[in-house]
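Asker: Handing you a structure now.
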């Protein structure tokens, strides 16, 4: 079984992580808490030392949703599965979107709301300082400057609540805007072999500046929140068959081949899928295969 180190490493600011990581969002979907715990522990056993999460990653159960049973939060699952945390584990979270019992899902519009979200992540994860925090925005034409909100986040870093910063769901001009305020170590955007290929110049620009690009929907692609789609292109299917792997593994491998600064964060609540996803770190695609996929 290959581990997450097979695709090499990249520096997130002052820390080095394996390029194949794990996204925690889907751990909340499994009603069996013990299985979610198993998945997280297995990911770390297989060399994952970069986990992506958020306080608003939660199951639909409990008072805030329509499901049955207690609400399951990804952060709390991570804490239960992995605390005390391994020394080299980096947990990246995000703020901007939030959820509370009174108003449900919301986007932070004040410094106080943003601080509350940071403190919620700290409490759920059982940490005194967050490794990396991304400011995730909901882009709105004509009113989507991130300067003020990112300044609030930079202030929380200066206060010792955050070690390093990133941005999510942003354009190139947002990146430049953030860098005028404080260093960033990563940009997390939607991107896949069949999704948002207009991001290619941004990925190259970030690589030149030593900044990681962390794509979400690498497996789901155009299905986005719908999860992995059953249909794949002829090229993906053919290459998967040739290598004896799944189409999802080909999609992940293509993403990692895109640039050395790309970090994978495939997520799942399935113990078998976590092993398949991490095994994709070792899947080598030839120049001819990459050309066919492109």
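Laboratory data are not the source of any read-out in this text; all were calculated from the coordinates shown. Note that this is a predicted model, so its numbers are computed, not measured. Ideal geometry is used to build each Cβ from the backbone, glycine not excepted, and the neighbour counts take in all protein chains shown.
Asker: With a bin width of 5 angstrom, please list the P(r) values of the range 18-159 as percents of all Cα-Cα pairs, from the 0 bin to the one holding the largest distance.
Answerer: 2, 9, 19, 21, 19, 15, 10, 4, 1, 0
Asker: Regarding the range 168-287, what whole-number volume in Å³ per residue does the convex hull of its Cα atoms give?
Answerer: Hull volume normalised by residue count: 114 Å³.
Asker: How much length, in nm to one decimal, is gained on full extension between residue 144 and residue 32, taken as 0.36 nm per residue of separation minus their Cα-Cα distance?
Answerer: 36.4 nm
Asker: Averaged across orientations, what area in nm² does the convex hull of the alpha carbons in the range 15-293 project?
Answerer: It is 14.6 nm².
Asker: If each residue of separation counts as 0.36 nm, what is the full-extension length gain between residue 284 and residue 111 once their alpha-carbon separation is subtracted?
Answerer: Length difference between fully extended and current span is 57.8 nm.
Asker: Rounded to the nearest 0.05, what FRET efficiency do residue 3 and residue 119 give with R0 = 30 Å and r taken as the Cβ-Cβ distance? Could you check?
Answerer: 0.30
Asker: Give the dimensionless ratio obtained when the Cα radius of gyration of the range 246-293 is divided by 2.2 N^0.38 Å.
Answerer: 1.14
Asker: Sketch the reach of a paramagnetic label on residue 80 as a point 7 Å from Cα along Cα-to-Cβ, and name the residues of the range 118-134 whose backbone nitrogen lies under 20 Å away.
Answerer: The answer is 120-127, whose backbone nitrogens lie closer than 20 Å to the label point.
Asker: So for 158, 144, 52, 87, fewest C-beta neighbours within 10 Å to most, what's the order?
Answerer: Lowest count first: 87, 158, 144, 52.
Asker: Provide the gained length on full extension for the span residue 89 to residue 204, in nm with one decimal, where the gain is 0.36 nm per separating residue minus the Cα-Cα distance.
Answerer: Extra length available between residue 89 and residue 204 comes to 38.8 nm.
Asker: Oh, and also: Starting from the Cα of residue 180, step 7 Å along the direction of its Cβ; do the same at residue 291; then give the gap between the two resulting points in nm.
Answerer: Distance between label points: 4.3 nm.
Asker: What ranking do 53, 92 get, fewest neighbouring Cβ atoms within 10 angstrom at the top?
Answerer: With the fewest neighbours first, 53, 92 line up as 53, 92.
Asker: Per DSSP helix of 4 or more residues, -39500 (n - 2.57); summed, then divided by the residues of the chain. What does that give at 222 nm, rounded to the nearest 500?
Answerer: Rounded to the nearest 500, it is -10500 deg cm²/dmol.
Asker: If neighbour count is taken as other Cβ atoms inside 10 Å, put 85, 213 in order from fewest to most.
Answerer: With the fewest neighbours first, 85, 213 line up as 85, 213.
Asker: Please report, in whole Å, how far the alpha carbons of the range 92-206 spread along each principal axis, starting with the longest.
Answerer: 37, 29, 27
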